[in-house]
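Accompanying notes for the structure given below.
The values are calculated or read from the model by the stated rules, or taken from the named source; none is laboratory data. The structure displayed is predicted, hence computed values, not measured ones. SASA here: full protein model, heavy atoms, side chains in, ligands and nucleic acids out. Shrake-Rupley method; radii C 1.70, N 1.55, O 1.52, S 1.80 Å.
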Amino acid sequence: MLEGHLYQLGYVCDSLEDGIAQFRGRGMGHEPHIIEVEQPVNGPDGREVINAMRLCFIWIGDMQYELIQPLTDPLGVYANASVVPGGGPLRFHQTCMRVADWADFRARVDSQDLPLVMERDMGGDSLKFLYLDGRATFGHYLEYTWMTDAAWEQIRRM
């Protein structure tokens, strides 16, 4: 399942500050903003868990780079980030695509062959997202999001 508008590359790091340092002098035109979140998500069995993490979003051109420092990882999603031989402050984790019609997209998720890893649907016109496990095929997770155009513009201004 590959569709939607690719706008984000996600990286896991042990320290956001060390991860951000890798972007300085490489096109980052703004001072990054770090947020700490406790995010409820549903696992593949439908059980709700809380992911606690520190996040930073860096825009360079039309690409957003999401840096993720997990604080709690009850599903083990962030522990499974690719590890570069010899280590490094950033580990590639996921691509993220924005889809235009969530109901249509979500109806097809269960019939495709990539396992659902986690999902959040806040209801109504709020942000919705899910992760598919594409590691065996693509080497990384695939994240899909839906949001209103107003929310998209807000994300672009971050």
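Karplus couplings for segment 13-19 from phi (6.51 cos²θ - 1.76 cosθ + 1.60, θ = phi - 60°), rounded to Hz, Gly and Pro as x?
9, 6, 9, 4, 4, 5, x
Using the Karplus curve 6.51 cos²θ - 1.76 cosθ + 1.60 with θ = phi - 60°, work out ³J(HN,Hα) for each residue of segment 141-147 in order, rounded to whole Hz, and write x for Gly and Pro.
Calculated HN-Hα couplings, in order: 6, 10, 9, 10, 10, 9, 7 Hz.
Before I look further, what does segment 17-62 give for accessible area per residue, probe 1.4 Å, in whole square angstrom?
Value returned for segment 17-62: 59 Å² of accessible area per residue.
May I ask you to give the solvent-accessible area per residue for segment 110-158, in square angstrom, as obtained with a 1.4 angstrom probe? Spell out each step's value before the answer.
Values: 2600 Å² over 49 residues.
Result: 53 Å² per residue.
Read phi for every residue in segment 92-105 and hand back ³J(HN,Hα) as whole Hz from Karplus 6.51 cos²θ - 1.76 cosθ + 1.60, θ = phi - 60°, with x for Gly and Pro.
4, 10, 8, 9, 9, 10, 9, 9, 7, 10, 5, 4, 5, 4
Rounded to the nearest percent, how much of the accessible area of segment 1-119 (1.4 Å probe, protein heavy atoms only) is carbon and sulfur?
Result for segment 1-119: 51 percent of the exposed heavy-atom area is carbon or sulfur.
Tell me the label only: which of (1) 42, 27, 12; (2) 29, 15, 14; (3) 24, 19, 15 is semi-axes √(5λ) of the Cα gyration tensor in Å as calculated from this structure?
Derived directly from the coordinates: (3).
List the residues, sorted by chain then number, that are 5 or more residues from His140 or on another chain and whose placed amide H is less than 5 Å from its amide H.
So His140 has HN proximity to Gly134, Arg135.
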